[in-house]
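The values are calculated or read from the model by the stated rules, or taken from the named source; none is laboratory data. Because the structure is predicted, anything quoted here is derived from the model rather than measured. Backbone-built Cβ (ideal geometry, glycine too); neighbour counts: all protein chains shown. Surface accessibility is based on the protein's heavy atoms, side chains included, excluding ligands, DNA and RNA. Shrake-Rupley method; radii C 1.70, N 1.55, O 1.52, S 1.80 Å.
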Amino acid sequence: MLSGKKIALGLSGSIAAYKGAELARLLIKAGAEVQCIMTAGACEFISPLTMRTLTERPVMQSMFEEPKQWNVEHIAVSRWADLFLIAPATANVIGKIAHGIADDLLTAAVMAATVPVVVAPAMNSAMFENAAVQENMDRLRSRGYHFVAPGVGQLACGDTGKGRLADLEHILKISEYAMRKDRPLRGQKVLITAGPTREPLDPVRYLTNHSSGKMGYALAEAAWQLGADVTLVSGPVELKPLPFYRTIQVTTAEEMAAAVLEEAASAQLVVKAAAVADYTPAETKTQKIKKQQEDFQILCRRTPDILGILGSRKRTGQVLVGFAAETEDLLAHAAEKLQRKHADLIVANDVTMEGSGFGSDTNIVTLLFADGSRRSLPQMSKEAVAEEILQAAVRLLR
Ligand code: PMT
């Protein structure tokens with residue numbers, strides 16, 4: 001989303017201004033062009049030379065300096081940009097924009113902007129909680145401005161609380177979100193499952209599989225980007241969920257079944273990317289199992305087939321998407337699961353291919369629809385696969 005985009009990056013006078021340098025670097029790494037605008041306060045905290053060097057463009061600082069080119073600079077930058085991003089934004093800058101004050105280059109350029117504006121506040125927590133600041137943010141939100149909520153932690157002033165500039169990764173995600181023109185899942189509740197389950201044998205051992213959660217987490221993010229109200233039910237993985245959707249952490253297939261069946265009752269779309277254990281040890285020992293005989297057998301019992309249960313309870317208008325992770329006869333097994341589990345779409349995933357399935361950043365899948373049609377996708381990033389699956393689900397929801 002950021003590749004080829006033109007970003008006007010406004011820095012104002014907070015100690016977090018130094019993070020603006022890393023933010024500019026990340027935007028450029030993602031393929032964006034960055035034009036930096038710094039307030040006088042920002043220049044006290046970080047040198048314009050740093051920003052000029054990183055962005056390879058002169059930094060815009062003052063309304064009345066000799067322009068680098070012949071145009072009215074604050075208007076030109078607003079016409080040039082695809083997105084206005086103010087990070088860090090001080091209480092002062094937020095207040096001025098909320099009240100239509102344009103007494104420096106940054107606030108004048110924002111006033112002239114007709115593109116999406118993202119604001120990432122950074123300030124002392126008492127200032128952030130101040131009613132004036134909260135009202136100013138509400139006012140801007142009601143005008144369509146996007147905010148990236150500050151983080152909680154130790155602040156430069158020594159206080160601990162809410163006010164740290166948000167994670168730069170979150171600022172990038174909200175910037176992508178703000179630039180999206182279509183949100184076909186707006187107003188829809190979407191339930192996604194991700195990761196493996198762990199079935200305990202004793203206090204120190206469990207049965208599991210190689211799912212990293214990457215496919216499911218990519219689906220959760222893509223559904224949020226498409227405007228959905230997302231709930232992610234995740235098995236134990238190393239990935240950190242984004243704060244823009246609700247995440248329910250579970251461990252066992254039984255726990256996943258309980259969470260999914262409850263949440264699915266109000267979801268219009270359910271996408272089951274999780275690799276749920278089909279069997280769980282019939283008994284979980286309370287003490288560590290000691291080694292004794294040469295052979296050791298584990299008696300297992302079936303776990304609930306969550307997708308199968310959802311299929312049997314499917315409401316009119318609800319769309320169910322399952323995956324089929326296979327090592328042989330991919331399409332035949334996937335077609336059988338599509339029918340047996342009453343899914344609307346099965347994503348057939350040959351997990352033996354390089355660049356596909358467990359743990360990789362890419363996937364190779366074929367979409368099998370209930371009407372018998374099929375679509376094979378080439379090797380793609382899991383983010384791109386997620387987008388394809390959700391766009392297909394959007395068509396099914398219609
Ligand atoms: O997490 P990654 O490392 O990114 O890997 C992605 C993935 C390979 C896990 C993913 O792309 C994938 O294929 N997920 C489905 C894995 C799987 O369990 O497939 P299955 O064929 O065993 O199950 C079929 C469907 O039934 C799945 O939607 C599964 O979630 C569901 N199921 C399975 C068992 C069970 N007890 N309840 C279920 O709901």
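Summary table
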{"read-out": "Residues of segment 297-332 satisfying the condition of being open to solvent by 40 Å² or more (accessible area, probe 1.4 Å) and part of a loop (DSSP other than H, G, I, E, B)", "value": "297, 298, 299, 305, 313, 314, 315, 316, 317, 327, 328, 329"}
{"read-out": "Single condition residue 166 does not satisfy, out of (1) in contact with a Pro (Cβ under 7 Å, 6 or more places away or on another chain); (2) open to solvent by 10 Å² or more (accessible area, probe 1.4 Å); (3) more than 16 Å from the ligand (Cβ to nearest atom)", "value": "(2)"}
{"read-out": "Criterion violated by residue 206 - all others in (1) in contact (Cβ under 8 Å) with a residue 24 or more places away in the chain; (2) assigned by TED's automatic domain parsing to the domain that holds residue 326 satisfied", "value": "(1)"}
{"read-out": "Hits in segment 360-376 (condition: in contact with a helix residue (DSSP H, G or I) (Cβ under 7 Å, 6 or more places away or on another chain) and buried (at least 16 other Cβ atoms within 10 Å of the Cβ))", "value": "362, 363, 365, 366, 367, 368"}
{"read-out": "Qualifying positions in segment 345-359 - open to solvent by less than 30 Å² (accessible area, probe 1.4 Å) and more than 10 Å from the ligand (Cβ to nearest atom)", "value": "345, 355"}
{"read-out": "Count of residues meeting criterion [under 24 Å from the mean Cα position of the chain (by Cα) and under 19 Å from residue 195 (Cα atoms)] in segment 349-371", "value": "12"}
{"read-out": "Residue list for segment 153-189, restricted to those being touching a Lys or Arg at 6+ places or on another chain (Cβ under 7 Å) and either part of a helix (DSSP H, G or I) or modelled with pLDDT of 95 or more (or both)", "value": "165, 168, 179"}
{"read-out": "Residues of segment 210-259 classified as away from the ligand (no atom under 11 Å from the Cβ) and among the aliphatic types (A, V, I, L, M), total", "value": "12"}
{"read-out": "In segment 262-282, residue farthest from the ligand (Cβ to nearest atom) [restricted to those that are small (Gly, Ala, Ser) and open to solvent by less than 10 Å² (accessible area, probe 1.4 Å)]", "value": "267"}
{"read-out": "Long-range neighbours under 8 Å by Cβ, at least six apart or interchain, first residue more than 18 Å from residue 388 (Cα to Cα) and part of a loop (DSSP other than H, G, I, E, B) within segment 351-368, second among the aromatic types (Phe, Trp, Tyr) and near the ligand (Cβ under 7 Å from one of its atoms)", "value": "351/358"}
